[in-house]
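Report on the structure given below.
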Amino acid sequence: MQHTDDLFNPMHRFVDTACLRAAYLQYEESRNPGAQNFVTLPEGGMELGIVSSEDPRIARAISSLLTRSLEGARCDKGGHLPPEVVTRVQRDIISPEGVSTLWGIAGHRFVLARRHDVHTHEILATILVGRSKDTIFFFTGRYNNLRYSTIAEDVDFDQPDQDNSAHKWFDRFAFPSPERFKPDRFHHIANFVVSPEHRSGGLASLFLRSIVRYYSRDVLDSNGYPIIHSQYLLCGRGLWQIGDPPWLARMKKLGFYRRWGAESFFIEHNWAPLPVVVMQGKQIDNVAYNRMYDMPTCYGIDQIPHASNEHLLERIPEVMRLALDPRAKLQYFQAMFDFMPDVEKGDRHDDME
Ligand SMILES: CC(C)(COP(=O)(O)OP(=O)(O)OC[C@H]1O[C@@H](n2cnc3c(N)ncnc32)[C@H](O)[C@@H]1OP(=O)(O)O)[C@@H](O)C(=O)NCCC(=O)NCCS
């Protein structure tokens, strides 16, 4: 197993062009099987594609990007997460092994890359997009790659926390109900990161725009755009994120909107204390933490939800109550991004995958 320290080396973002090109996947049933299996963007030397993360050099490049980015989320480095949580995620979830085996199997691993020199490309950004619209990449630390359609059967909501059956695992969380946990026909996303060297240059925006333009089946078909690659298409309505509280502001700038009433909270118990969050030398209690991320003010009477039939409006009173409960700490918001924002809801054709 690779030592985590090595992943902090920014040079890992440079990969052999031959290795990158070999990693691009081809979809056997592509509507344009003769086309190249990545997209050359009109923007200066950039390309976009879905890669296999089986090649250890590709997995390492992606893992290194995610590891370096997550470091900035440590609360002792200006972020919002306890350092021990960051270290655990770096070690167990976004390691090269994690990238290739944990969620890699259920998601399309997109990368945005730019030619660096005659032999080398630089990986600029990555995002993981659920292959099936039915996939949920994670559901508490105990479930990965769940199928949403069978969540009620596959998840044991009554499981003990540990050996003591008086304490239940799911008592640690307050979630939307399983029946409405995920919006219909949206692709789950995770690991959305632009290389720290290239932030605020419009790359995230270009990356998302290009995925929509070249990979969303509905966008291609409704605009009569030719399919210029031989990779998979995304056949859902849009992207769906379960995100950490500070991310919402940046995701909104990129065109995402809050799914109202879909927030989840950690619930603290004397048998399940939460790790302490210290920001700028000060310990932050749960209500103060919630307030930092606009809870419950985001549901003030002056606020209006983005048009969508996927909000959980009936849950908002409960979310507002939780935001003021000293035992409850905001865990995640949910956000959505429509591939075709102007299309009437309910006007879309259905399909299974
Ligand atoms: C979020 C992230 C992907 C944005 O990438 P980027 O290439 O810097 O973004 P862009 O330059 O395309 O900026 C798009 C918009 O987002 C805004 N933005 C970017 N980073 C932001 C941040 N940290 N906080 C608030 N807004 C931000 C930009 O100001 C810009 O808004 P504008 O169009 O009004 O000027 C990048 O900062 C990142 O990788 N962050 C760490 C990981 C992360 O937070 N991922 C998101 C959740 S998975």
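The values are calculated or read from the model by the stated rules, or taken from the named source; none is laboratory data. Note that the structure is a prediction, hence the values are computed from the model and not measured. Positions of Cβ are backbone-derived with ideal geometry, glycine not excepted, and every protein chain shown enters the neighbour counts. Ligands, DNA and RNA are excluded from the accessible area calculation, which covers all protein heavy atoms including side chains. Shrake-Rupley method; radii C 1.70, N 1.55, O 1.52, S 1.80 Å.
Side notes on the structure shown:
- Scope segment 110-133; condition within 16 Å of the ligand (Cβ to nearest atom) and open to solvent by less than 10 Å² (accessible area, probe 1.4 Å); matching residues: Phe110, Val111, Leu112, Ala113, Ile123, Leu124, Ala125, Thr126, Ile127, Leu128, Val129, Gly130
- Filtered residues of segment 134-155 (kept if open to solvent by 50 Å² or more (accessible area, probe 1.4 Å) and within 26 Å of Ile94 (Cα to Cα)): Gly141, Arg142, Asn144, Arg147, Asp154
- Residue identified as in contact (Cβ under 8 Å) with a residue 60 or more places away in the chain, in a helix (DSSP H, G or I) and charged (D, E, K, R) among Arg321, Arg315: Arg315
- When segment 244-261 is filtered for residues that are near the ligand (Cβ under 7 Å from one of its atoms), hydrophobic (A, V, I, L, M, F, W, C) and more than 14 Å from the chain's Cα centre (by Cα), only Ala249 remains.
- Scan of segment 183-209 for residues that are away from the ligand (no atom under 11 Å from the Cβ) and open to solvent by 10 Å² or more (accessible area, probe 1.4 Å), ordered by number: Asp184, Arg185
- On the stretch given as segment 254-288, residues that are open to solvent by 70 Å² or more (accessible area, probe 1.4 Å) and touching a residue at least 40 places away in the same chain (Cβ under 8 Å) total 2.
- Among the residues of segment 210-243, those identified as open to solvent by less than 40 Å² (accessible area, probe 1.4 Å) and within 16 Å of the ligand (Cβ to nearest atom) are Ser210, Ile211, Val212, Gly238, Leu239, Trp240, Gln241, Ile242, Gly243.
- For Gly79, the criteria (1) surrounded by fewer than 20 Cβ atoms within 10 Å (Cβ to Cβ); (2) in contact (Cβ under 8 Å) with a residue 24 or more places away in the chain; (3) away from the ligand (no atom under 16 Å from the Cβ) hold in every case but one, which is (3).
- Hits in segment 92-109 (condition: open to solvent by 20 Å² or more (accessible area, probe 1.4 Å) and under 20 Å from Val194 (Cβ atoms)): Ile93, Trp103
- Residue match in segment 143-164 (condition: in contact (Cβ under 8 Å) with a residue 60 or more places away in the chain and more than 16 Å from the ligand (Cβ to nearest atom)): yes
- Only one of Trp240, Trp260 that is modelled with pLDDT of 95 or more, touching a His at 6+ places or on another chain (Cβ under 9 Å), in a loop (DSSP other than H, G, I, E, B) and among the aromatic types (Phe, Trp, Tyr): Trp260
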